[in-house]
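Here is the structure we will look at.
The values are calculated or read from the model by the stated rules, or taken from the named source; none is laboratory data. Please read these numbers as outputs of a predicted model, since none were measured by experiment. Here Cβ is always computed from backbone atoms with ideal geometry, including for glycine, and neighbour counts include all displayed protein chains.
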Amino acid sequence: MTTVRIPQEERTRLMRARLLEATVDCLVERGWSGTSTTLVSQRAGVSRGAQLHHFPTKSALVLAAIEHLSEVRARELESAARSLPTGAARTRAVLDMMVEHFLSPVFTAALELWVAGRTDPQLLSALAPLEQRIGRQIHRLTVELLDVDETRPGTRELVQATLDLVRGLGVANLITDDRRRRDRVLDSWAAVLDEHLRETR
């Protein structure tokens with residue numbers, strides 16, 4: 001029987017992916033203070049030496065994890081966008097899709113870093129550019145999904161308000177999952193957006 005050898009490059013990629021996914025799991029379950037590189041390497045089934053070779057510090061590890069899984073989530077959003085309905089139901093469906101993004105473990109893990117970064121200048125300086133880039137990507141996608149023209153007065157502000165709203169609902173969900181309340185808020189905001197779109201098209 002012939003043993004199929006996995007190329008070194010692929011083994012490295014798979015190992016890094018395990019480390020990054022284990023990091024997000026630890027952040028969600030244990031928070032920033034409860035996450036350690038030792039715990040992550042154990043959970044990922046990766047030797048401590050291999051983990052330190054690729055990610056020598058905790059900050060490097062968690063930032064790479066957030067970036068990696070945010071990119072994965074962005075691809076998932078773009079894929080989900082292809083199945084969105086057209087017509088009157090589209091705006092509400094877009095809001096649902098965006099809220100799901102901010103209810104995901106990736107957002108919970110990122111929130112842990114935001115709180116830690118408030119009193120950790122080194123972490124904050126590394127985190128800020130990453131969050132700005134992710135924020136721009138999500139903003140661009142929201143504009144495309146809603147099919148709005150940001151040169152129209154007030155439109156850019158409404159898109160930003162939409163993102164602030166769904167992000168806030170994601171934060172609120174950490175305390176209590178009040179889906180009925182969330183649905184009522186999204187119904188009302190979809191009506192606001194649709195009225196604006198009718199006026200500007």
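Of all residues in region 138-193, count the ones that are aliphatic (A, V, I, L, M), without any contact (Cβ under 8 Å) to a residue 60 or more places away in the chain and in a helix (DSSP H, G or I). Count: 10. Of the conditions (1) closer than 12 Å to L145 by Cα; (2) not in a helix (DSSP H, G or I), T119 clears all except one; give me its number. Of everything listed in (1) closer than 12 Å to L145 by Cα; (2) not in a helix (DSSP H, G or I), T119 misses just condition (1).
Report whether or not L95 is buried (at least 16 other Cβ atoms within 10 Å of the Cβ) and either modelled with pLDDT under 85 or farther than 30 Å from H196 by Cα (or both). Against the criterion (buried (at least 16 other Cβ atoms within 10 Å of the Cβ) and either modelled with pLDDT under 85 or farther than 30 Å from H196 by Cα (or both)), L95 does not qualify.
Taking the conditions (1) more than 17 Å from I138 (Cβ to Cβ); (2) among the polar types (S, T, N, Q); (3) touching a residue at least 60 places away in the same chain (Cβ under 8 Å) in turn, S83 satisfies each one other than (3). Could you list all residues from region 60-80 that are free of Cβ contacts under 8 Å to residues at least 40 places away in the same chain and of a type in the set (S, T, N, Q)? Answer for region 60-80, where residues must be free of Cβ contacts under 8 Å to residues at least 40 places away in the same chain and of a type in the set (S, T, N, Q): just S79.
Take region 1-56 and flag every residue that is out of contact with any Pro (no Cβ under 9 Å at 6 or more places or on another chain), touching a residue at least 24 places away in the same chain (Cβ under 8 Å), under 17 Å from A116 (Cα atoms) and hydrophobic (A, V, I, L, M, F, W, C). W32, the sole residue that qualifies.
Meeting the requirement of 3 or more residues that are under 30 Å from L145 (Cβ atoms) and among the hydrophobic types (A, V, I, L, M, F, W, C), the helices (runs of 4 or more DSSP H) wholly within region 23-102 are 58-81, 90-102.
Within region 129-137, can one find any residue that is over 26 Å from H54 (Cα atoms), outside any helix (DSSP H, G or I) and in contact (Cβ under 8 Å) with a residue 12 or more places away in the chain? For region 129-137, residues over 26 Å from H54 (Cα atoms), outside any helix (DSSP H, G or I) and in contact (Cβ under 8 Å) with a residue 12 or more places away in the chain: absent.
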